[in-house]
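Report on the following structure.
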Amino acid sequence: EKRSASAAQAQRRRGQRRRAATGPEMPADAMGGNGRALATTAGKGDQNVMVFRVWGADEPGIAEAFMKVVVDHKCQVLDLAQFVLDGSLMFTFVLRVGDQSSMGLMKELTRSAKEHQLQLDFYFPDSCHLEGARPGGELVAVVSVVSPKEITPALLCGLDSVLNEHGCVVKEIEHRCDNKKEINGEYNKVEIRVSCPPRFKLANLAVGAPTSRGESSTGLQKVAWEHGAETTVRWWDAMNRPNGKSLVVFGISNELCTCNVLDELLTEAGLDPGSVPADGSIEKQNELKVAMLKGKSTGIVQKVIDRLEFTPGARLVCSALKRLGFRLAIFTNLGIKKIAEHVKRELGMDYVISKDLEVFDGVFTGAYIGECTDVRFRKADLLMLMAEREGIDYRNVILIGEEVTHLDAAKAREMVETFGPNVYFNSNKMKDLTIALYLLGFNGSDVRALRKRRRDEVSDDCSIGATPEGKRIRVRISAKKRGPGQLVRMLSPLSALSPEMGISTVSQCSLQDGGICVGFDFWAKKQDPDQLLKELLFACHKLDFQVLGSDLASPAGAGPALAMSSDMEAAVGRSHYVITLVQKPQITAASLSAIFGLLRARSVNLVRIERLSVHDLAALQFTVELPEELETGSFSNELMEASNSHGIDIAFQKDDLDRWMRRLVVFDMDSTLIQQEVIDELAKFAGVEDEVKKLTEAAMRGELNFFESLKSRVALLKGHNADELFSKVKKNLIFTPGAKKLCSTLRRLGYKMAVISGGFLPVAREVQQYLGLDYAFANTLEVDETTGLLTGHTSGPVVTPQRKRALLATIADVEGCELQQTIAVGDGANDIPMLHAAGLGIAFCAKPKVQAATEFRINQKDLSTVLYLIGVSEHVAERLAVDM
């Protein structure tokens, strides 16, 4: 402790000396926008961490200009973040700089900012605070907020008040253009990623925590309802949506169907459902209604089925979730099993659990069959049984409907904590079940793509959106440290103005140094926008938030927006792509400079940067917008040239629905899942290593026919004991770094996995068992039954390159997914047909011929890099590993 205190004092003295030396001489244009120096110094030895932020009008080439300065001054990039808010750019770098180069670096950055007419500031965060801000090991949840109305400051304040009460900190806010009602014609949606305290319970956040008075505090759901919105909360498991290994449970009445089916049955029987007293529990009301059916013919059930209407969007939701690999179930306590079975068939459900009405001699008896215990009372047990049968985690059981709202607070918390997320829906209050897709993480462009695939026509109600009226106020705010309740403090001056004031766009990003950048685009209907802006700026100044920029825009206009078909295309159409960068141990400034330079040269606009790695800046994901005239094939080739020149893996993919719907991953085995070639290992123990190795290398280079090469190599093994050879090989297997992590994470995310190898089945089975794969296919060596010796021949069909492709298609068919939903990973020439057939074919540390023939390549010696290419962050992989 004494040594630590002395070190801290010495660091403060060094900082005071440095500030004394640099402060008076710091040029005016190296200061913040308010004219005061923002730089304070902290660091170790001759290395400091510096943060600089730039903001202003967005245009291609800005990132490259600043990165050139960073490269020239030999700085290390520790973190970077960017987002664009309606044409306004916010860009932040965290750098490690040499002690002697700080002043020169700041001068050059300031000069670059002036050239691009941008504003800029610097500061030097405390190094220990930087280390404490690293995101590893934290609990992160996602709150989805969806509303048919405007998103207002009052709504965000209310939600952040609940988060603040539980010590949760807002990390990221995403408000995509296709998630605006004026664009998609349906809903406004905001996704908020929050950091939660250790051992936190999501149920307390969703429905409220228990209080000392035996009541419950306010939850996010209640706040959302007060503002006409819906919300879900779930642990962040990558891709901002539940994984495919999930069970989704629906009700029927006023959920999948637009009516209460028991009431419809009474009406068909000539009875009045309204005659049942509304007091008492729903279960008691249902029992009284069933008693009214005594003596009525069972033929009325078919008549109700004949005119039964499904809730708009029900078919779309069920087909979309099935395509993702979800299991679907109906739970109902109304007791009309024939209707439940009809709904199951029509919507492609997997399970139906329902009580049934007792029948005698063709008429109802007025009672349930068997026990009168309500299904809801046993629902938790039944959900657990189904989840265990399917191998699904309880928390991947999703409830859609009103289930939780009918429970008391304690049972509701237990249900939400055990399962989840819970999506509230009632067809009397909401016109379309597709809101469930938005709440589960889908975006407006996703929903539209799903409609196109089902060839559903977009209704008039969702083909046009209304542009908000009023004057626009745009504000960009920065804070050096993120903490609970910051949104409340920022927006409190505006929260009382709902509904006269709304939010057109909101976005927030966090940095490794612990700071945040937030952008708001407000519209004001009646209030004086100048006065509102003054109040907001005053509140930020009083709370020590730095306002990076603010302005008033002309009225947003009124009337209908563009038709959805054209406006959605303009907002999120074919020009949006994702570029994934991976370089270990860390992405270099030179690599970033090269990529930024290519983006500028091709007028590609960088929309958003997301960090995928946790501990080092080893993986980044860029969302970019391509100009219409740019040919994607040539741009992809240029990215590959940059990849080869700088030793960085780059994946260039369209940012569309297909990217998120992959369900099956197929691996080659030799030199992919394991580091050896099995035939070479067998040859080594058989004493014919040199002869076999020459044949293997020629086959992998594509110089020899695969079948003939295999035949020649197998012949050299003749006369050796099969069990002894394979036992030695299995004991000496060396798995590729990252293989176990990759397969464990994919399994937890619901992917099915297979190994398809030109090697041999005993080793493939060993690999399958160790990595937890679902399928294994490989060649079989023929063994003499009497001697146990290898005959020098194979048995059964040989796994040729063409058979690898066929097996991929067969497994996809068995798993009920399309080839576009598959991923293949391999390294040899015999993998090329399989890599071409898959939706995402990845050449892993592959031979030159394979790399030249494939679109996606990984040359980092870590197989878990595949996770980055499918959008899974290191944080998610680590959290899933902890939960195993």
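Quick notes on this structure:
- Spin-label proximity, Lys711 to the range 795-816 - amide N less than 17 Å from point 7 Å beyond Cα toward beta carbon: 795-803
- Prolate/oblate/rounded call for the chain, Cα gyration tensor, a/c under 1.5 rounded: oblate
- Under 5 Å, built H, 5+ apart or other chain: amide partners of Gly244: none
- Applied to the range 624-632, the Karplus parametrisation 6.51 cos²θ - 1.76 cosθ + 1.60 on θ = phi - 60° returns per-residue 3J(HN,Hα) values of 10, 10, 8, x, 4, 7, 7, 7, 5 Hz, with x for Gly and Pro.
- Each principal axis of the range 689-777 carries a Cα extent, and these read 42, 31, 21 Å when sorted largest first.
- The amide H of Val607, built 1.01 Å from its N in the peptide plane, has Thr623, Val624, Glu625 as neighbours under 5 Å, considering only residues 5 or more places off or on other chains.
- The range 182-240: C-alpha gyration tensor shape, a/c 1.5 cut-off, then a/b vs b/c: oblate
- With θ taken as phi - 60° and the Karplus curve 6.51 cos²θ - 1.76 cosθ + 1.60 applied, the whole-hertz 3J(HN,Hα) list for the range 155-161 is 5, 5, 4, x, 5, 5, 4 Hz, x standing for glycine and proline.
- Length-normalised contact order for the chain - Cα pairs under 8 Å, 6+ apart - percent: 13 percent
- Per residue, the range 149-304 exposes 37 Å² of accessible surface when a 1.4 Å probe is rolled over the protein heavy atoms with every protein chain present.
- Theoretical FRET efficiency, 1/(1+(r/R0)^6), r = Cβ-Cβ of Lys149 and Thr218, R0 22 Å, to 0.05: 0.65
- Remark: relative contact order (the range 253-346) = 33 percent; criterion is Cα-Cα distance under 8 angstrom and separation of 6 or more residues.
- Among the GluC sites (Glu not before Pro) in the range 178-221, those located in a DSSP loop and surrounded by at most 11 other Cβ atoms within 10 Å of their own Cβ are Glu215.
- Coupling constants for the range 182-199 follow from the phi torsions by the Karplus curve (6.51 cos²θ - 1.76 cosθ + 1.60, θ = phi - 60°), and in residue order they are 5, 9, 8, x, 10, 9, 9, 9, 10, 10, 10, 9, 10, 8, 10, x, x, 6 Hz; glycine and proline get x.
- Shown here for the range 163-234: chymotrypsin sites (Phe, Trp or Tyr not before Pro) in loop regions (DSSP other than H, G, I, E, B) with at most 11 other Cβ atoms within 10 Å, of which there are none.
- Amide H partners (placed H, <5 Å) of Phe425, local residues excluded: Gly401, Glu402
- Simple Cβ-charge dipole of the chain, Lys/Arg +1 and Asp/Glu -1, about Cα centre, in debye nearest 20: 1900 debye
- Stokes-Einstein diffusion coefficient of the range 782-840, Kirkwood radius over Cα pairs, 4 °C, 1.567 mPa s, in µm²/s: 99 µm²/s
- What the Cβ-Cβ distance of Thr787 and Ala852 gives, at R0 = 35 Å and to the nearest 0.05, is a FRET efficiency of 0.15.
- The alpha carbon radius of gyration of the range 199-329, expressed as a multiple of 2.2 N^0.38 Å, is 1.41.
- Length-normalised contact order for the range 324-447 - Cα pairs under 8 Å, 6+ apart - percent: 15 percent
- A crude spin-label estimate for the pair Asp279 and Ile369, with each label 7 Å from Cα along the Cβ direction, gives 3.5 nm.
- Note on the range 467-542: with neighbouring protein chains present and a 1.4 Å probe, carbon and sulfur make up 50 percent of its accessible heavy-atom surface.
- Note: the range 794-884, Cα convex hull, 142 Å³ per residue.
- Considering only beta bridges that DSSP places wholly inside the chain, some 75 percent are antiparallel.
- Those GluC sites (Glu not before Pro) in the range 601-709 that DSSP places in a loop and that have at most 15 other beta carbons within 10 Å: Glu628, Glu629, Glu631, Glu703
- Pairs over the 28 Å Cα-Cα cut-off, from the set Lys480/Lys654; Lys693/Lys849; Lys303/Lys429; Lys171/Lys584; Lys741/Lys847; Lys181/Lys471: Lys480/Lys654.
- Column: log10 I(q)/I(0), Debye, Cα scatterers of the range 326-427, q = 0.20 Å⁻¹: -1.14
- Each stretch of four or more DSSP H residues adds -39500 (n - 2.57); spread over every residue of the chain, this sum gives -11000 deg cm²/dmol at 222 nm.
- For the range 136-233: rounded, prolate or oblate by the Cα gyration tensor [a/c cutoff 1.5]: oblate
The values are calculated or read from the model by the stated rules, or taken from the named source; none is laboratory data. Quick caveat, the model's predicted, so the values are computed rather than measured. FYI the Cβ positions are ideal-geometry reconstructions off the backbone, even for glycines, and counts take in every protein chain you see. Accessible surface is based on the protein model in full, side chains and every heavy atom, while ligands, DNA and RNA are left aside. Shrake-Rupley method; radii C 1.70, N 1.55, O 1.52, S 1.80 Å.
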